[in-house]
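Engineer: First, the structure itself, so that you have it in front of you.
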Amino acid sequence: MTGRRLWYGSPAGEWFGALPVGNGRLGAMVHGRVYKEQIQLNEETIWTRRPKNRNNPESQAHLAEVRRLLMAGQPRDAQFLAELVSFGTPHWQSAYQTMGQFTLLSRDQHEALASSYSRELDLTTGIASVQFTIGNTRIRREIFASALDDVIVVRVEHDGPLPLQLGAEITRRYDGDAVAIGSDMLRLFGQAGAYGVQFEAVVLAASESGQVSVLGDHLLVKGGSAVTFIIAADTDFGRDQLTDQAESVARKAAATGFAVLRERHISDHRAMLSGMSLQLGLGDQDEVRATDVRLAAVRAGDTDDDLLVTQMDLGRYLLAGSSRPGTQPANLQGIWNESFTPAWDSKFTTNINLPMNYWPAEVSHLTHTHEPMFDLIDRARVTGAETAKVHYGAKGFVVHHNLDLWADTAPLDNVYCGLWPTGAAWLVWHLWQRFEFSLDETFLLKRTYPAMREAAEFLLDLAVTDDQGRLLIGPSVSPENAYVDTDGVRIALCMSPALDNQLATWLFSRTLQAALILEDSDELTERIGRALPTVPPPAVGQHGQLLEWLEDYQEIEPGHRHYSHLFGIYPDDQLLADPALVAAARVSLERRLAAGGGASGWSLAWVACLWARFGEGDLARDALYRLLRERTVDNLFDTHPPQGTNPLTTFQIDGNLGMVAAIAEMLLQSHSGTLRFLPALPTAWPQGEVHGLRARGGFEVDLTWSRGQLDRARISSAGGRTCSIGSPEPLTITSDGVAIATEHAAGVTQFPTSAGSTYIIQT
């Protein structure tokens, strides 16, 4: 990632224009206002909490009856009963909340007096900045979130005759209480609801040759040429009580000094994000037009593929800023949330959104960002084992369609979305991806395989065999979609929707593969082996479409935003070997789009990923442009329109991160054991280069192309595995200038590799 930035010629008029900084745990949104700067703050563990365990013993007592009604063709009765007895009590989980706001008042600095204004987010340094001139004085602010020092830093510098005089406060609406600590610090106390997380945040002012004092509920800074504000926060999550940790962290950072804090931050940030870069050879327009101006032109019908590259870089920046080892995973909004009651509680939604957040983690060279998701899975294995036992009388572990900070696994909401018991299978898919990309057998043994076994054991205990010998999973839903019965009534509850069958097929087959690698065999693996061939296979409906349910039902919403039954095309690949199923999946996608599908940003990102798997680069690019035009706001955040219980357009990070995965998939694919270079290259991208894409099998790939054709590929092998490359003709491959022996058959070139070696393909 080189030279990318978002920049603007005026302050943000709303939160959707503010610029994000984050260190995985702390986040801030910088508005860039001249007189009264507003920096909205987040800490990742500030969540409300329910006062008791939500697991509901009544669920298991009525499970057999709900299932019997479904299998007897009485889904309305099944839904009524399930709504009463099958959910956690209460039906809702916790919510993620804003921490508060840091406000900076600047005397004699007003927008009407300011000239040469600009604000920007430098994606290569992770620093947001604001600069403008008042008379003969140049004012510059820099804001960044340091992961190494665990603080948010706000720097203000004056160069000119205008005296520096600032008032700073930290507030939380409704329930925050700020007090002064000495003459240079404010401390804010708060709690997220009656039973939620307690927290404190501090702001410390360190002036260079000026004076700092307390005036009212503000810090007052007078004189000097620069001041550094240090913001630190701490919560009681995972502990019995708060400590004074925030104050000690802030004072330590202040003693370090701004120059060192900045240098350490930039070095760490670049190390995190420099592994991958993309250039399309179209000319960088960042210095010509402001980002919001470019986006407005795209909305009006222009094309700007360089803005797509900037969007990709922003997506990687957002993932690194909201998910680092030792932090919580990225939730629906990453960590950036201004609300006390965010849409869908800004939880970890497992039926698409949480998985999509991490689709780019391995392929786009952000593998360390995956760790928080794995940690959440480990917690869910514990809580989900209890829910499996209480709700289903089953072993293993279950996850329904949402998790919260405490990995609450009891079903929630209602029968139209919440009674989906295969979330654990989708989550452990990510553990397997880590193994496929890294080939780390220790990771496979200690983290992946145990979780896969537990997820598989739950499905085996939950499932029943029907009179056709099919293994049916349920009660369940096809995530958030529904069909109509013969009377036109909306029905969601069912047995074995296509997604569940595909997840079971994937989970059972890969668990057996892992057992083979690890030379493990026991009664559970034997059960899995017997169950695998009885999972209902994919089927094709009357329109030539891939069926979403066991029957060819009429969808109540033909343009539905989820593409759950296409899981086996992307993110998985289990359907790709069968041309008939690929054709049916394509019909399903085309029908859904023709009916208005892709209403949300994340839905369009999934569409782009699917088109990439189908080899349709131009259609994938079209989907990305729809995302930009219809679901992207001025700061390039992805949005979700009002829907269901959410009355507002809201930021959802999944679309930003799904776009990264889609572009990577357009340039490199590595499923099914074969590397494919430029498999879905749009005609509008005739030349370019990408560095640092990661591929399954332990490979890293750089590609250069022109005139729409590959010029050069560079492959680094970490695991020493045989490399297979899709190619209609044999390829010439060298390593350190020496030709490598290859074999070519059935459109694939294969050659042996050595760990640590690099291989060149020149065409």
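The values are calculated or read from the model by the stated rules, or taken from the named source; none is laboratory data. Only a predicted model underlies this, so the values are computations on that prediction, with no experimental measurement involved. Neighbour counts run over all protein chains shown; Cβ positions are idealised from the backbone, glycine included. Heads up: the accessible areas ignore ligands, DNA and RNA and are worked out on the full protein's heavy atoms, side chains in. Shrake-Rupley method; radii C 1.70, N 1.55, O 1.52, S 1.80 Å.
Engineer: Going by a ≥ b ≥ c, the root eigenvalues of the Cα gyration tensor, does segment 582-648 fall in the rounded group (a/c under 1.5), the prolate group (a/b larger than b/c) or the oblate group? Provide the component values of the computation, followed by the final result.
Structural biologist: Working: a/c = 2.89, a/b = 1.53, b/c = 1.89.
Since a/c reaches 1.5 but b/c is at least a/b, the shape of segment 582-648 is classed as oblate.
Engineer: Along the Cα→Cβ direction, 7 angstrom out, place labels at HIS543 and ARG379. What is the inter-label distance in nm?
Structural biologist: Those two pseudo-labels are separated by 4.1 nm.
Engineer: Let me ask you something else. Amide H to amide H, which residues 5 or more places from GLN652 or on other chains are under 5 Å from it, using H placed in the peptide plane?
Structural biologist: Here ASP638, THR639, HIS640 satisfy the definition.
Engineer: Also, quick follow-up: Using the charge dipole of segment 418-496 (Lys, Arg: +1 at Cβ; Asp, Glu: -1 at Cβ; taken about the Cα centre), state which of ALA482, LEU460, THR448 has its Cα farthest towards the positive end.
Structural biologist: The residue sitting most towards the positive pole is THR448.
Engineer: Per 0.36 nm of contour for each residue apart, how much would the distance between SER10 and THR89 grow if the chain were fully extended, relative to their Cα-Cα spacing?
Structural biologist: Values: separation 79, 0.36 × 79 = 28.44 nm, distance 4.83 nm.
Full-extension gain reported as 23.6 nm.
Engineer: Using each residue's phi in segment 527-544, evaluate 6.51 cos²θ - 1.76 cosθ + 1.60 at θ = phi - 60° and report the 3J(HN,Hα) Karplus result to the nearest Hz, with x for Gly and Pro.
Structural biologist: 4, 4, x, 6, 6, 3, x, 9, 5, x, x, x, 9, 10, x, 5, 9, x
Engineer: While we're looking at this one, here's another question. Which whole-Hz couplings ³J(HN,Hα) result when phi for each residue of segment 549-561 is put into the Karplus expression 6.51 cos²θ - 1.76 cosθ + 1.60, θ = phi - 60°, listed in order with x for Gly and Pro?
Structural biologist: Karplus values, whole Hz, x for Gly and Pro: 10, 5, 10, 7, 6, 8, 5, 6, 9, x, x, 4, 6.
Engineer: Could you tell me what percent of the accessible area of segment 676-762 is made up of carbon and sulfur, with a 1.4 Å probe and every protein chain present? Don't skip to the answer; put the middle values down first.
Structural biologist: On the way: 1920 of 4080 Å².
Exposed carbon and sulfur together represent 47 percent of the surface.
Engineer: Taking Cα pairs under 8 Å and at least six residues apart, what relative contact order does the chain come out at, in percent?
Structural biologist: 12 percent
Engineer: With a 1.4 Å probe and all protein chains kept in place, how do ARG141, ARG586 rank by accessible area, largest first?
Structural biologist: On the way: ARG141 5, ARG586 70 Å².
Highest to lowest solvent-accessible surface, that is ARG586, ARG141.
Engineer: Please work out the Cα center distance from segment 151-201 to segment 725-750, rounded to the nearest Å.
Structural biologist: Cα centroid to Cα centroid, the span is 61 Å.
Engineer: Treating the angle as unsigned and between 0 and 90°, give the value, to the nearest 10°, between the Cα long axis of helix 305-322 and the longest Cα principal axis of the chain.
Structural biologist: The two axes meet at around 90 degrees.
Engineer: Taking θ as phi - 60°, what are the ³J(HN,Hα) couplings along segment 752-763 by the Karplus curve (6.51, -1.76, 1.60), each to the nearest whole Hz, with x for Gly and Pro?
Structural biologist: Ordered by residue, 3J(HN,Hα) equals x, 10, 10, 4, x, 9, 10, 10, 10, 10, 10, 10 Hz.
Engineer: Something else: Carbon and sulfur: what percent of segment 441-497's accessible surface (1.4 Å probe)?
Structural biologist: 45 percent
Engineer: Find the centroid of the Cα atoms in segment 569-632 and in segment 1-65, then give the distance between the two in whole Å.
Structural biologist: Centre-to-centre (Cα) distance: 28 Å.
Engineer: Among rounded, prolate and oblate, which fits segment 329-464 when a ≥ b ≥ c are the square roots of the eigenvalues of its C-alpha gyration tensor, a/c under 1.5 means rounded, and a/b larger than b/c means prolate? Mind dumping the intermediate values first?
Structural biologist: Details: a/c = 2.04, a/b = 1.02, b/c = 2.00.
Since a/c reaches 1.5 but b/c is at least a/b, the shape of segment 329-464 is classed as oblate.
Engineer: Quick one: if the Förster radius is 60 Å, what FRET efficiency do THR486 and PHE443 give, using the C-beta to C-beta distance and rounding to 0.05? Working shown, then result.
Structural biologist: Numbers: r = 50 Å, r/R0 = 0.84.
Calculated transfer efficiency: 0.75.
Engineer: Same structure again: What does the net charge come to around LEU546 if you take all other residues with beta carbon closer than 12 Å to its beta carbon, with K and R at +1 and D and E at -1?
Structural biologist: Details: positive: ARG586, ARG591, ARG592; negative: GLU548, ASP552, ASP578, GLU590.
After counting each charged neighbour, the total is -1.
Engineer: Continuing with the same structure: Just to confirm the number: angle between the C-alpha axis of helix 579-594 and the first principal axis of the chain, 0 to 90 degrees, nearest 10?
Structural biologist: So the helix axis and the longest Cα principal axis differ by about 50 degrees.
Engineer: Expressed as a whole number of Å, what is the distance separating the alpha-carbon centroids of segment 299-365 and segment 496-510?
Structural biologist: 26 Å
Engineer: Need one value: the accessible area of TRP15 in square angstrom, 1.4 angstrom probe, rounded to the nearest 10.
Structural biologist: Per-residue accessible area (TRP15): approximately 20 Å².
Engineer: Residues of the chain: accessible area per residue at 1.4 Å, in Å²?
Structural biologist: Values: 26920 Å² over 763 residues.
Heavy-atom accessible area per residue stands at 35 Å².
Engineer: Also, I was wondering about something else. How many nm separate the modelled label positions at THR683 and ILE760, each set 7 Å beyond the Cα in the direction of the Cβ?
Structural biologist: Placing both labels 7 Å along Cα→Cβ, they lie 3.4 nm apart.
Engineer: If you build the Cα gyration tensor of segment 676-762 and take the root of 5 times each eigenvalue, what three semi-axes come out, in whole angstrom, biggest first? Numbers along the way, then the final one.
Structural biologist: Working: eigenvalues 88, 43, 29 Å².
Its equivalent ellipsoid spans semi-axes of 21, 15, 12 Å.
Engineer: Net charge around ASN331, counting only other residues with Cβ within less than 12 Å of its Cβ (Lys, Arg = +1; Asp, Glu = -1)? Walk me through the numbers before you get to the answer.
Structural biologist: Working: positive: LYS347; negative: GLU44, ASP345, ASP404, ASP654.
Result for the local shell: -3.
Engineer: Specify which residue in the list PRO372, ALA718, ALA18 is farthest towards the positive end of the charge dipole of the chain, using unit charges on the beta carbon of Lys, Arg (+1) and Asp, Glu (-1), about the Cα centre.
Structural biologist: ALA18
Engineer: Sticking with this structure for a sec: Compute the FRET efficiency between HIS110 and GLU208 as 1/(1 + (r/R0)^6), taking r as their Cβ-Cβ distance and R0 = 22 Å, and round to the nearest 0.05. Show your work: numbers first, answer last.
Structural biologist: Details: r = 24 Å, r/R0 = 1.10.
So the FRET efficiency works out to roughly 0.35.
Engineer: In degrees, nearest 10, range 0 to 90: what is the angle between the Cα axis of helix 58-71 and the longest Cα principal axis of the chain?
Structural biologist: With rounding to tens, the tilt is 50 degrees.
Engineer: Okay, next question. Dipole magnitude of the chain about its Cα centre, charges +1 at Lys/Arg Cβ and -1 at Asp/Glu Cβ only, in debye to the nearest 20?
Structural biologist: Numbers: 63 positive and 91 negative charges, 131 e Å.
Charge dipole, the chain, about its Cα centre: 620 debye, nearest 20.
Engineer: In nm, give the distance between the simple-model label positions of THR649 and GLU630, each being 7 Å from the Cα along the Cα-to-Cβ direction.
Structural biologist: Result: 1.3 nm between the two label points.
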